[in-house]
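Input: a single structure, listed below in structure tokens.
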Amino acid sequence: MTGSRFWWFRWTQRGRRYAVSLKTDDESIAITKARAILVEEIFIPGVQPTLDESITQYLRVAQERAKQPLRPEVAKTRGYILRKYAVDMQVKMVGQINHNSVSEWLRSRAGVSRDTIHTYARTIKTFVRYLEDLKLVRPGLYQELDVPEPAAIGRRN
């Protein structure tokens, strides 16, 4: 900051601006510390996005990607599934997603076909992978989630 003897590093993350003192007056050390913040993501702000914000962002990114973008109707369905999970399990923040809550929610879907359970699990697992890539959930959660097999015969309409 102006008037400070120490170097400061400023950056924008998820639409928010951050500044942190590097606590050194040596420029080469300051550059090294700033790179560590960017590359290794040492500084993770305490502000965690809500689950609804993350779902909205996930669907927007999936629809705008260049390779195999999500169709609007599929995005609407996935949004419904993810928001239903959030409401049923009372999950408000991204950090509250865990293996037990997902498994319990899938087990509570009594009277729903195996194909539907498979779709629900696949949708949540894909969303968790997106969150894991952004480092918003703990590493390894994606691998823990199981997607049950769909029915052998398929849908009977």
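Residue check, GLU73 against (1) assigned to a helix (DSSP H, G or I); (2) surrounded by fewer than 16 Cβ atoms within 10 Å (Cβ to Cβ); (3) at pLDDT below 95, all met but one. Which one?
Exception for GLU73: condition (3).
For every residue, the table says whether it meets (1) in contact with a Phe, Trp or Tyr (Cβ under 7 Å, 6 or more places away or on another chain); (2) among the hydrophobic types (A, V, I, L, M, F, W, C); (3) touching a residue at least 60 places away in the same chain (Cβ under 8 Å); (4) within 30 Å of ARG5 (Cβ to Cβ).
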{"residue": "PRO49", "(1), (2), (3), (4)": "no, no, yes, no"}
{"residue": "GLN68", "(1), (2), (3), (4)": "no, no, no, no"}
{"residue": "ARG129", "(1), (2), (3), (4)": "yes, no, no, no"}
{"residue": "VAL137", "(1), (2), (3), (4)": "no, yes, no, no"}
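Looking at the stretch 78-112 only, could you name the residues that are basic (Lys, Arg) and in contact (Cβ under 8 Å) with a residue 40 or more places away in the chain?
Pass one, the stretch 78-112, residues basic (Lys, Arg): 78, 83-84, 92, 107, 109.
Selection gives ARG78, LYS92.
So which of LEU38, LEU82, LEU106 is in a helix (DSSP H, G or I) and at pLDDT 95 or above? It would help to see each step written out before you state the result.
Values: LEU38 fails: at pLDDT 95 or above; LEU106 fails: at pLDDT 95 or above.
Result of the check over LEU38, LEU82, LEU106: LEU82.
Would you point out the residue of the stretch 109-122, among those that are part of a helix (DSSP H, G or I) and among the aliphatic types (A, V, I, L, M), that is farthest from GLN57 (Cα to Cα)? Step through it out loud before you land on a result.
If we filter the stretch 109-122 for residues that are part of a helix (DSSP H, G or I), which is where we start, we get 114-122.
Pick out the ones that are also among the aliphatic types (A, V, I, L, M) and you get 117, 121.
Numbers: ILE117: 24, ALA121: 20 Å.
Step by step, filter the stretch 109-122, then rank; the result is ILE117.
Taking VAL94 and the conditions (1) modelled with pLDDT of 90 or more; (2) under 17 Å from the mean Cα position of the chain (by Cα), which numbered condition does it fall short on, given that it satisfies the others?
Failed condition: (1).
For the stretch 46-69, state whether one or more residues are part of a helix (DSSP H, G or I), closer than 21 Å to GLY140 by Cα and of a type outside the set (A, V, I, L, M, F, W, C). Quick ask: steps written out before the conclusion?
Start the filter on the stretch 46-69 by keeping residues that are part of a helix (DSSP H, G or I), which leaves 51-64.
Next cut, closer than 21 Å to GLY140 by Cα only: 51, 54-55, 58.
From the residues that got through so far, the ones that are of a type outside the set (A, V, I, L, M, F, W, C) too are 54, 58.
Within the stretch 46-69 (the criterion being part of a helix (DSSP H, G or I), closer than 21 Å to GLY140 by Cα and of a type outside the set (A, V, I, L, M, F, W, C)), the answer is yes, since at least one residue qualifies.
In this structure, does ARG114 turn out to be surrounded by 12 or more Cβ atoms within 10 Å (Cβ to Cβ), among the charged types (D, E, K, R) and modelled with pLDDT under 85?
Taking the combined requirement at face value, the residue does not satisfy it.
The values are calculated or read from the model by the stated rules, or taken from the named source; none is laboratory data. Owing to the predicted nature of the structure, the values given are computational and were not obtained by experimental measurement. Because the Cβ atoms are built from the backbone with ideal geometry, glycine has one as well, and the counts that use them run over all protein chains shown.
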